[in-house]
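The values are calculated or read from the model by the stated rules, or taken from the named source; none is laboratory data. These numbers come from a predicted model, not from an experiment. Ideal geometry is used to build each Cβ from the backbone, glycine not excepted, and the neighbour counts take in all protein chains shown. The area values use the complete protein model at the heavy-atom level, side chains included, leaving out ligands, DNA and RNA. Shrake-Rupley method; radii C 1.70, N 1.55, O 1.52, S 1.80 Å.
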Amino acid sequence: QVQLVESGGGLVQPGGSLRLSCAASGLSVRISVMNWYRQAPGKQREYVALITSIGNTNYADSVQGRFTISRDNAKNAVYLQMNSLKPEDTAVYYCNTKSGIHNYWGQGTQVTVSS
């Protein structure tokens, strides 16, 4: 059974940093495309970043240059380092991966950027 568990969210001031973690079980992050999405209040869930099995990364324009996605194969975990945070980054952040016809999501972790 695939399970994704996010952690690391919290309240941070504008310009601050947070590091989100996604612990995976039931699959190997080493051979999976792992994604981060976010959903702000009243808005649709949107793509943030991904990392492929060979370590290629991709980012939404809104976070390019500020966020970094990475992977620790030994811990079977994926991370999202978020720097220079802005109030518009406030959202619930979700870890996601797909396996065959299945689309797996974690429960999300709240990130609030406010002074």
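Have a look at Ser70, Ser62 and point out the one that is open to solvent by 30 Å² or more (accessible area, probe 1.4 Å) and either among the acidic types (Asp, Glu) or part of a strand (DSSP E or B) (or both).
The conditions single out Ser70.
Being out of contact with any His (no Cβ under 7 Å at 6 or more places or on another chain), of a type in the set (A, V, I, L, M) and free of Cβ contacts under 8 Å to residues at least 12 places away in the same chain: is that true of Ile69 here?
No: the conditions fail for Ile69.
List pairs: first in the stretch 9-34 and without any contact (Cβ under 8 Å) to a residue 60 or more places away in the chain, second open to solvent by less than 30 Å² (accessible area, probe 1.4 Å) and aromatic (Phe, Trp, Tyr), Cβ under 8 Å, 6+ apart or cross-chain?
Final answer for the pair search is Ser21/Tyr79.
Residue check: is Asn103 loosely packed, with under 12 Cβ neighbours inside 10 Å and within 22 Å of Ile31 (Cα to Cα)?
yes
Scan the stretch 76-88 and report the pairs whose first residue is at negative phi and modelled with pLDDT of 95 or more and whose second residue is outside any strand (DSSP E or B) and among the acidic types (Asp, Glu), with Cβ atoms within less than 9 Å and a gap of 6+ or a chain change.
Going by the 9 Å Cβ cut-off, the qualifying pairs are Met82/Asp89.
Taking the stretch 67-115 as the search range and keeping residues that are within 10 Å of the chain's Cα centre (by Cα) and of a type in the set (A, V, I, L, M, F, W, C), which one is nearest to Leu50 (Cα to Cα)?
Ile69
Could you please find all residues in the stretch 5-37 being farther than 16 Å from Gln110 by Cβ, crowded, with 18+ Cβ neighbours inside 10 Å and among the aliphatic types (A, V, I, L, M)?
The answer is Ala24, Leu27, Val29, Met34.
Check Asp61, Asp72 and return the single one that is over 30 Å from Ser115 (Cβ atoms) and of a type outside the set (Lys, Arg).
Selected residue: Asp72, the only one of Asp61, Asp72 that is over 30 Å from Ser115 (Cβ atoms) and of a type outside the set (Lys, Arg).
Look through the stretch 40-52, keep the residues that are part of a loop (DSSP other than H, G, I, E, B) and open to solvent by 60 Å² or more (accessible area, probe 1.4 Å), and return whichever of them is nearest to Ser99 (Cα to Cα).
Arg45
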